Amino acid sequence: MRAIVFLLFVVLIFFIARFVLNRIIEIREKQNQQAMQNEKEQQVKQNDHPEEMVRCAECGVHLPQAEAYFDGKDTFCSEGHMQKYHLKKTENDE
Ligand SMILES: [Zn+2]
């Protein structure tokens, strides 16, 4: 009789240990998933602004920096506006 009680006790301990271990693994996985999700969200946030918007100094239109013309100081929507802007500037200087 005592042996059976002892055996049941061991089985009970075994199940409790397994339950606790499963809980720990579950919590850890959740934390890992959350960390991964946070990383993804941060990457998405960074990808939200892959290129900066710049303003044409001539007409004031906004366009991605990659498509803009840059003369070293000002940005322009087109080469024509860059030339126009420089022409006006030199006219004003004189
Ligand atoms: Zn322009």
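The values are calculated or read from the model by the stated rules, or taken from the named source; none is laboratory data. Computed from a predicted structure; not experimentally measured. With ideal geometry, Cβ positions are generated from the backbone for all residues, glycine too; neighbour counts draw on all protein chains shown. Remember, those area values only see protein heavy atoms, side chains included, never the ligands or the DNA or RNA. Shrake-Rupley method; radii C 1.70, N 1.55, O 1.52, S 1.80 Å.
Overview of values
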item: Cross-link reach list, lysines versus residue 40, counting only Cα pairs under 29 Å and skipping chain neighbours closer than eight places; result: 30
item: Cα→Cβ-extended label distance, 7 Å offset, between residue 89 and residue 30, nm; result: 6.0 nm
item: Interchain or long-range residues, amide H under 5 Å from residue 78's placed H; result: 69
item: Rg/Rh for segment 1-50, where both radii come from Cα atoms and Rh is the Kirkwood radius; result: 1.53
item: Options 10, 56, 75, ranked by Cα towards positive dipole end of the chain, top entry (Cβ charges); result: 10
item: Hull shadow area, averaged, the chain [alpha-carbon convex hull, nm²]; result: 8.9 nm²
item: Size of charge dipole - the chain - debye, nearest 20, with Cβ of Lys, Arg +1 and Asp, Glu -1, no other charges; result: 1300 debye
item: Residue 37/residue 14 FRET efficiency (R0 41 Å; Cβ-Cβ; nearest 0.05); result: 0.75
item: Where 19, 76 fall by accessible area, highest first, once all protein chains stay in place (1.4 Å); result: 19, 76
item: Ratio of the Cα radius of gyration of segment 53-93 to 2.2 N^0.38 Å, where N counts its residues; result: 1.08
item: Probe 1.4 Å, accessible area per residue of the chain, Å²; result: 93 Å²
